[in-house]
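Notes for the one structure printed next.
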Amino acid sequence: MQTSQRNLYSLSATLHGHQGPAACIALNFDGTLVACGGYQGTSIWHLPTSNYKMEVPTLAGERGMTTALAWMVKRDNADDALAYGTEDGYLVFTEVFCQLLEGGSGTEITSLAYDANSSQLAVGHRSGVIHRFLIDGGMKPRAMKSALLPLHSSQVVSFGHHGSSGPEIWSFGRDSGEIAIIDENAKVLKTHTTGSVIGHAFMCIKDDVLILDDVSLGVALYKISTAARIRTFAVPGDTRRCRNIAIHDQGTAILSGSDHGVVYVFDRRTGDVKDQIPVGGDWVQSLSVFTQVMFHVIMVANLLQSVDIEGTPTIAVAQSGENVGVNPIQLWTRRASISQREAISTMERIMGMICVVMALSFILQNISPSHFFHLVNGLFGLISSTFRSLLQADDGWAI
């Protein structure tokens, strides 16, 4: 099993089928689907079976390479839908394994963001136009007001707080280093100047945290409520390239790609490098994160292994260099510590004891006293051995 430099992460799966540099990667909301975009269009994998489910419905050459992805889901509909933007300015809606919608043209679509609470989709254009769509029950877009931000060159869009004028859209300008906050009426409520070239951005409203890829220095950590820069996490590198970044592992870690094939995992509190994940020898721009909860992943068809992931933070990543040929998507999962494994084992034993007690209650109602005596002796021996092993565990209760 391939592991990271400090053995905190292991390579749990390799998803084959993608060719050339990866421009964008996105995991859906329940962690069962991963999409990747690039020169060949859009590819989707179904993670529980690792099936290479679908290629882009029309070739990338007809609309340009896929440059942005966003998964969408409605509260009253369990089906996921995928929206993607292209280099030639097309916005495409693909309801997974079903219908295709297309609209608009123009300059490169650089970023997409979906807000499940309002069912709105934000679209960022290189030209500085920020579009807003309302997604109806049929997963069809209905255009709302768009904002034009001169000289902005939007690199990333994200949804912020929900105010009296609906959910805010935050647009991050690449070369200008400007952050613009826009309401539903396409009014710019506020702007912030960072003084940096912005390669990527990631917001966590719940924790009041914003991180930016400062192309010159590394990852910049901001407090959303005050727009104050708190810390900079230096990312080694010889060239100034955009790097995708993310907040990871319940907000305790920050991830960053690099120009030399390594994903850096920083401790958010101390700023130290917790680990380095080797992806390859080329530029790593695209990554996505997800905490997978209670679903069984079976890796087949020349993939690495079978894994049972329960609440395990997972990273999807691929190389983005121009000279990359075959470029599989890598899934890295955080490895459980010794104390975590002991805690899981303890919980399994406790659940086993509960099942025994429930079975005993049933037996009491259906067998004779003599048979019951023999069963009690056996049960006593089982419980005694279980408690002896629990007492020998160092951190068995540290959950």
* Asked: Label Asp208 and Leu151 with points 7 Å out from Cα along Cα→Cβ: what is the distance between them in nm?
  -> 3.3
* To do: Return the distance in nm (one decimal) between the two label points of a simple spin-label model at Met353 and Thr252, each offset 7 Å from Cα along Cα→Cβ.
  => 2.7
* To do: Tell me the label-point distance for the pair Lys223, Phe29, using the 7 Å Cα-to-Cβ offset, in nm and rounded to one decimal.
  => 3.2
* Asked: Ranked by Cβ crowding within 10 angstrom, fewest neighbours first, how are Asp208, Asp30, Asp214 ordered?
  -> Asp208, Asp30, Asp214
* Which FRET efficiency, nearest 0.05, do Thr270 and Gln2 yield, Cβ-Cβ r, R0 22 Å? -> 0.25
* **Cβ-derived FRET efficiency at R0 25 Å, Arg240 paired with His161, nearest 0.05** => 0.20
* Structure fact -> Residues Arg231, Arg269, Arg126, Arg334 in order from fewest to most other beta-carbon atoms within 10 Å are Arg269, Arg231, Arg126, Arg334
* Asked: Ranked by Cβ crowding within 10 angstrom, fewest neighbours first, how are Cys242, Cys204 ordered?
  -> Cys204, Cys242
* Show which lysines lie in cross-link reach of Lys190 when reach means a straight Cα distance below 28 angstrom and same-chain residues fewer than eight apart are skipped. => Lys145, Lys206, Lys223
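Bear in mind that the values in this text are calculations on the coordinates, not laboratory data. Everything quoted here is computed from the prediction, not taken from an experiment. So basically every Cβ, Gly included, is an ideal-geometry build from the backbone, and we count neighbours across all protein chains shown.
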